[in-house]
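Some notes on the structure that comes next.
The values are calculated or read from the model by the stated rules, or taken from the named source; none is laboratory data. Computed from a predicted structure; not experimentally measured. Don't worry about glycine lacking a Cβ; one is built from the backbone with ideal geometry, like all the others, and counts go over all protein chains shown. Surface accessibility is based on the protein's heavy atoms, side chains included, excluding ligands, DNA and RNA. Shrake-Rupley method; radii C 1.70, N 1.55, O 1.52, S 1.80 Å.
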Amino acid sequence: TQDWWANGVEQPHIKGCTDIDLNFSPSTNLLPIRRLNLAIGEEAIVKAAWLRFPGFKLEVLPQSYQRLDEMIYRYESAGGQFVADLKVDKTGLVLEYPGIWRSEFVAK
């Protein structure tokens, strides 16, 4: 199992979380998207250590990822209370997180 530490202090309440989720950045969605490597139509549930800003409190956040097509993943958290269809590039990097974030990077 995964042990978590913050500022030299063990965080047993999030032990076993596989991923980290920074609520201020879609970059952390890349980690489970790449690790899971889902086929179109597949879904997986993960347990993430959620770092909330601005309080920087770590919490357990169950999440699910479902690959809808080649470039879209449906992300759900908090038991379906939050749902977003994430548009990604071929590497799994989030290009668009509806209502929250949009990449300005355009590959040539």
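Here are some notes:
- With the simple model of a label 7 Å out from the Cα in the direction of the Cβ, Glu43 to Arg102 spans 2.8 nm.
- In terms of accessible area, using a 1.4 Å probe and ignoring ligands and nucleic acids, Ile14, Ile40 rank largest first as Ile40, Ile14.
- 3J(HN,Hα) from dihedral phi, region 52-68, Karplus parametrisation 6.51/-1.76/1.60, rounded to Hz, x for glycine, proline: 8, 9, x, x, 6, 8, 8, 9, 7, 9, x, 9, 10, 10, 10, 7, 7
- Share of pairwise Cα separations in region 1-87, more than 17 Å, in percent: 47
- Computed lengthening from Phe53 to Ile20, 0.36 nm per intervening residue step minus Cα-Cα distance: 10.6 nm
- Rounded to the nearest 20 debye, dipole of the chain from Cβ charges on Lys, Arg, Asp, Glu: 160
- A run of the chain free of exposed loop cleavage sites, with chymotrypsin sites (Phe, Trp or Tyr not before Pro) counted only in DSSP states other than H, G, I, E and B and at most 13 other beta carbons within 10 Å, reaches its longest extent at 57-104.
- Ellipticity estimate at 222 nm from DSSP helix runs (n ≥ 4, -39,500 (n - 2.57)) divided over the chain, nearest 500: -1500 deg cm²/dmol
- Taking a sphere under 14 Å around the Cβ of Phe24 and counting the other residues whose Cβ falls inside, with K and R at +1 and D and E at -1, yields a net charge of +1.
- Selection among Val60, Trp4, Tyr75 by position relative to the dipole of the chain gives Trp4 as farthest towards the positive end (Cβ unit charges, Cα centre).
- Using the Cβ-Cβ distance between Glu70 and Trp4 with R0 = 41 Å, the FRET efficiency computed as 1/(1 + (r/R0)^6) comes to roughly 0.80.
- Sparsely packed loop sites in region 1-54 (the trypsin sites (Lys or Arg not before Pro) outside DSSP H, G, I, E and B with at most 15 other Cβ atoms within 10 Å) comprise Lys15.
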